Amino acid sequence: MDRTAPRETLPGGTIADVAVPGPQRSTTALPSGAAAETRVESFVGGPWSLPWSPTACSSARTVIRDVLPQWGLDDLVPTAELLVSELVSNALRHASGPLRLTLERVSDLRCLVSDGTTDLPRPADAGPEDESGRGLTLVDMLAAQWGCEGGPEGKSVWFELSGGSCAPGPDGDTKGEAA
């Protein structure tokens, strides 16, 4: 999957900026024929530089826990923490260069993990005894959609989570469905 829409470079910060991420706000007109509301407020947080170390996953989860509640997306925190950990650990294992995290919100949440290589991620076919190789399969199962986009300094692997649709729980039910 490749997202081809160009993205402007945004000012970022460090993990120390998480307490006040300062999302950029903009108002975007919806296409004609859309619902009665004609404008949508969007937010962008980051990019935050992550350390090239095992603490990067923890730092990324901290960003998720701090930013999503500010955006009214508390219910997405557990899934977003899990998926961002998978993407960051994949970057640490298979990539190089600067490691960054960016969060975007219009109607859904988009989380981008960027690194300095152009090598595209490849889902592995992990066997039952394998100790790794399931990360992208997990992202594929839990995210509304995911993909990869190239940039001037490497690539970004991203996933989207929808605030209105939740991933199935352990019993197969989705949150908000009638019993």
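FYI, it's all coordinate maths here, none of it is from the lab. Fair warning: this is a prediction, and the values are worked out from it, not measured in the lab. Here the Cβ positions follow ideal geometry from the backbone for every residue, glycine too, while neighbour counts run over all protein chains shown.
Close amide H contacts of residue 145 (hydrogens built in the peptide plane, cut-off under 5 Å, sequence separation of 5 or more or a different chain): 160. In percent, rounded to a whole number, the relative contact order of region 65-129 is 23, using alpha-carbon pairs under 8 Å and six or more apart. Placing +1 on the Cβ of every Lys and Arg and -1 on the Cβ of every Asp and Glu, with nothing else charged, gives region 118-162 a dipole about its Cα centre of roughly 120 debye.
Once backbone amide H atoms are built at 1.01 Å from N, residue 118 has no partners under 5 Å, excluding neighbours fewer than 5 places away on the same chain.
Using the Cβ-Cβ distance between residue 62 and residue 145 with R0 set to 30 Å, the FRET efficiency works out to roughly 0.75.
Please check which bits of region 71-94 a label hung off residue 137 would reach, taking the label as a point 7 Å along Cα-to-C-beta and the cut-off as backbone N under 11 Å. Those under the cut-off are none; the list is empty. Just in region 70-141: which GluC sites (Glu not before Pro) are loop by DSSP and have at most 15 other Cβ atoms within 10 Å? Those that pass, being in a loop and sparsely packed, are 129, 131. Summary value for region 53-102: 46 percent relative contact order, contacts being C-alpha pairs under 8 angstrom separated by 6+ residues.
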